[in-house]
1. Looking at B:THR385, B:THR348, can you tell me which residue is modelled with pLDDT of 95 or more and not aromatic (Phe, Trp, Tyr)?
2. Checking B:HIS107 against (1) assigned to a loop (DSSP other than H, G, I, E, B); (2) within 14 Å of chain A (Cβ to nearest Cβ); (3) in contact with a Ser or Thr (Cβ under 7 Å, 6 or more places away or on another chain), which single condition isn't satisfied?
3. Out of (1) touching a strand residue (DSSP E or B) at 6+ places or on another chain (Cβ under 7 Å); (2) more than 7 Å from chain A (Cβ to nearest Cβ), the odd one out for B:ALA133 is which?
4. What single numbered condition from (1) in a loop (DSSP other than H, G, I, E, B); (2) more than 26 Å from A:ASP27 (Cα to Cα) fails to hold for A:PHE474?
5. Look through A:ASP87, A:ASP47, A:ASP39 and report the one residue that is of a type in the set (D, E, K, R), at pLDDT 90 or above and under 30 Å from A:SER304 (Cβ atoms).
6. Limited to the range A:483-496, what total is found for residues that are crowded, with 18+ Cβ neighbours inside 10 Å and not in a loop (DSSP other than H, G, I, E, B)?
7. Just to confirm my filter: which strands (runs of 3 or more DSSP E) fall fully inside the range A:129-208 and include at least 2 residues that are touching an Asp or Glu at 6+ places or on another chain (Cβ under 9 Å) and hydroxyl-bearing (Ser, Thr, Tyr)?
8. What number of residues within the range B:255-282 are more than 23 Å from B:GLY183 (Cα to Cα), open to solvent by 10 Å² or more (accessible area, probe 1.4 Å) and facing another protein chain (nearest Cβ under 7 Å)?
Amino acid sequence: MSYQGKKNIPKITSDRLLIKGGRIVNDDQSFYADIYMEDGLIKQLGDNLIVPGGVKTIEANGKMVIPGGIDIHTHFQMPYRGTTTVDDFSQGSKAALAGGTTMIVDHVIPDPGSSLIEAFEQWKQWADEKACCDYSLHVDITHWNDSVKQEVETLLKEKGVNSFQVYMAYKDLYQMSNSELYEVFSFLGEMGGVVQVHAENGEIIAEEQARMLQMGITGPEGHVLSRPEELEAEAVFRAITIASQTSCPLYVTKVMSKSAADIISQARKKGNVVFGEPISASLGTDGTHYWSKNWAKAASFVTSPPLSPDPTTPDYLNTLLASGDLTVTGSAHCTFSVAQKAIGKDDFTQIPEGINGVEERMALIWDKAVVTGKMDENTFVAVTSTNAAKILNLYPRKGRIAVGSDSDLVIWDADAVRTITAKTHNSAAEYNVFEGMEFRGGPLVVICQGKIVLEDGNLHVTSGTGRFIPCSPFPDFAYKRIKARKQLAVLRPVPRGMYDGPVSEFSPMSRGGTPSASARTSPTKQTPPVRNLHHSGFSLAGNPAQRGAPTTEETPIRPAGRRIVVPPGGRSNITSLS
Amino acid sequence: MEDGVIKQLGENLIVPGGVKIIEASGRMVIPGGIDVNTCLQKPYLGTQTVDDFFQGTKAALAGGTTMIIDHVSPQPGASLLQAFEKWHEAADKKSCCDYSFHVDIPHWHEGVKKELEILVQEKGVNSFQVYMAYKDLYQMTDTQLYEAFTFLKELGAVVLVHAENGDLIAQEQSKILGMGITGPEGHVLSRPEELESEAVFRAVTLGNRINCPIYITKVMSKSAADIVAQSRKKGSVVYGEPITASLATDGTHYWSKNWAKAAAFVMSPPLSPDPTTPDHLNTLLACGDLQTVGSSHCGYSTSQKAIGKDNFTLIPEGTNGVEERMSFVWDKAVAVGKMDENQFVAVTSTNAAKIFNLYPRKGRIAVGSDADIVIWDPDKMKTITAKTQQSAVEYNIFEGMECRGGPLVVISQGKIAFEGANLSMQQGAGHFIPRKPFPDYVYQRIKMRNKAMAMHGVSRGMYDGPVYDIPITQKYITPSPSAKTSPTKNQPPPIRNLHQSNFSLSGPQADDNVPRRSGHRIVAPPGGRSNITSLG
């Protein structure tokens, strides 16, 4: 670190920065260049830049310079039963910066029945007061009706929110029925929003919880026993089905198990537009700790969906992340103190859910995926930053080192080794779920909004400097394919003459109907239409020309868009013998 | 054979004089087929299927099927027992071959439980169907399914599932009607196969959780069949039943310009428009991933179908297939070399007998088994047409298809019911075959798993650190999934027992390295799950 120009000029405009000799790593390529930043933006990129005098210069010495991380899933300052998580926006974003993450996206969780916009404003105010880095907000849809629909539209069009989370779990609280999900998905698909789902089957969980408690299992192990990974996979499968029916891109938050991840990768192979988000915890540790004899330790792992007790899970998820089947990473950072967790000391269903991970996220992925040779450095940038920026429609402002992009950068030290412990972490929580783990790789210098916030191991952050970054609807990354498919998937009826044969007498639909799925959709018995002799194509004998597989004339009636799902030659499937 | 039972098997048998002898001349003699899914008396809006128990069983015998298992479909709210008696009576009078019943559960409530108990223990019914579709009519929520599965498992019954996501279907139907699509093509457009596979996946998940065997009726699509096959590979106790229609034809006919023809194909789940479906299903049937073949024969006349002429959602659902079932499996699977003749017997008869606890009385040629036997001619060629069929419906969905293989002689209850081309049967000759619960084929594994799946809590000292005080106001309840399951929140702090307490806020514990009790290894073994994940 050296200052250009005279050393006796103490006052330097910290807005101007030059990084020399770094190897710039974007999601698509790596190259050597110097970076000149001013006013929080990258102004020049290249060799032998002509820069004003007195610019502060950082020598990267050939180290990697990557776009600052984007943690797409945090819960800072989240209210919970009259208390809040111990990491507020200041503490949380400080931890984020310490780990090389320069932007966070927090979840707004309105109380069921209350206004989404009010909750959004409330969160925004909290974040504006305290956040040390840029942030955006997801809004969770905790109940569904017409006024919520309007609020969602306002948030999308005017407030800069493009992603909304719905819940398939938390029965009688946040959980939505399949019909509601269908409506939300259809609506957001029209409006260009990204649907995020918390995917777990809440109905079965409620039954299993009651069963566990009845068996006398009240400790944190009951949490994972009542939420087996199958229920996660089931919900993921259902969410994908609904999304595909409604032509809506889907984002699965917190992919915690192998089976859920498998469902996502299978669906992607079938052409579904679905993104999976594993989190620090599912990539770095497993659910065996729920059986710890130390209650407080076991409780600190409680999150939903729970960590899988299968110890091969992290390795597997890292592989899918490297191969592109899983797209982005978050931390779901949501920290409660032991005293708060102890609300559920006699009943695991009362333990507040949440684990740490915002600070460890980047180093952990480097250690588990890049160091092990699963992932290259460009994919590392993609999954920690670029893909998130693309989904949020912030690319290339965020998630890329390019002229005009925000100057959120990290100089990454691939060889730094750090042992994680609650004693030294920046979160206020007493426990760290990665306690004792050694991670190779970490940030050397972190630059946020053009200012150096981490250097030589020292954090210099200012609460309240973070700006709200509005996200716009219809991100290309998610919607380009959707738009093309919608144009193809127009359904048309078959032009037929009217049926004019005999019609059986029948009693109008009452309680006594049989398999007619939807007496409700058209309860009125229609009057027989007037016969049009010219148009009638009906014939009991059957015209051979009209038989059999659709003729050329009929072909376009089959929705062309579905061919992606069921291609004309049939699915390529190894099991089909002939 | 004597008195309807097989008495002797072997060469050079010593038999009484005057016995009628049939010369098989080296042809195959197979156990009579069992059609596990028929609806021969299904009411719809005041009308009833045109194929009743007489017409239907006649068609069955003509095709080599000597036993049917029919669905009793009570109206929601009606008594299951009364419906059962009604069906029993009708079948007793009319049925020409042996029969048994599945009972559909249209509605889940406490009162049903008692009736189910009686049906299982006294009436000889061991299989019940639940619906995941038909919203606001038969459909059950996941919670109800959980309860129903739990209860039926205790009774030792087989749970049949009609697997389609009814919520989404209702949405799609109103969308498609809104687009002005009212013809039969709307039926398949509103019920895409994804909704079928979704429901199958959900049913299997529920079955795994409860450790309850699941039987999927009417596997109509490749994706649903794939889910069944995958779950079986993971160890789930799940059975899949493709039907005649899904094994032999496809859903392209919904786009036929002949309304009556298109409507004849309407059934749920619908036939898949993917023409490679039948081939795929036959392959899975041959390799054992699907186990039984039904027909779901439910014959409505064209005029009955025409109730839905202006609205596809009102078309009564059902296709034919009881007569063609055996021949099509032969033609599509055996004649093309996918399946051997023994597997043919398994999927058309034996597996059904095993799953529904009729084995070895039915489904096997052995001393002591019922004399339901078919002499099978693998080379018989037949062109299917409504003109020559036994069923009373005007359309045959297999119209014009050529089919290799068929019965030469059909013996039902020791009597020749079909020979050459002549049917000779007696109305009302069929007997009700009662079935006992806990079929070994299905429940042996379930019982072992029940034992293996016992769960234990972790014995810990009491937590005696600080506890955050939650205000009584429930205003801010965030992710606490189940405030309901234990509404009491503020329990009095337990008395501290200094000897037992091992809680410590500071640092790692001596037992941190021993995260689990040994009892849990079964649930989540340290080396990752073994393939039989349903144990967990």
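The values are calculated or read from the model by the stated rules, or taken from the named source; none is laboratory data. In this text, all values refer to a predicted model and were calculated from it rather than measured experimentally. Neighbour counts run over all protein chains shown; Cβ positions are idealised from the backbone, glycine included. Just so you know, the surface numbers come from the protein's heavy atoms only, side chains and all, with ligands and any DNA or RNA stripped out. Shrake-Rupley method; radii C 1.70, N 1.55, O 1.52, S 1.80 Å.
1. The conditions single out B:THR348.
2. Result: B:HIS107 passes all but (3).
3. Just one mismatch for B:ALA133, condition (2).
4. For A:PHE474, the failing item is (2).
5. A:ASP87
6. Residues in the range A:483-496 being crowded, with 18+ Cβ neighbours inside 10 Å and not in a loop (DSSP other than H, G, I, E, B): 1 in total.
7. Details: elements: A:134-140, A:163-167, A:194-198.
In the range A:129-208, the matching strands (runs of 3 or more DSSP E) lie at A:134-140.
8. Counting residues in the range B:255-282 that are more than 23 Å from B:GLY183 (Cα to Cα), open to solvent by 10 Å² or more (accessible area, probe 1.4 Å) and facing another protein chain (nearest Cβ under 7 Å) gives 2.
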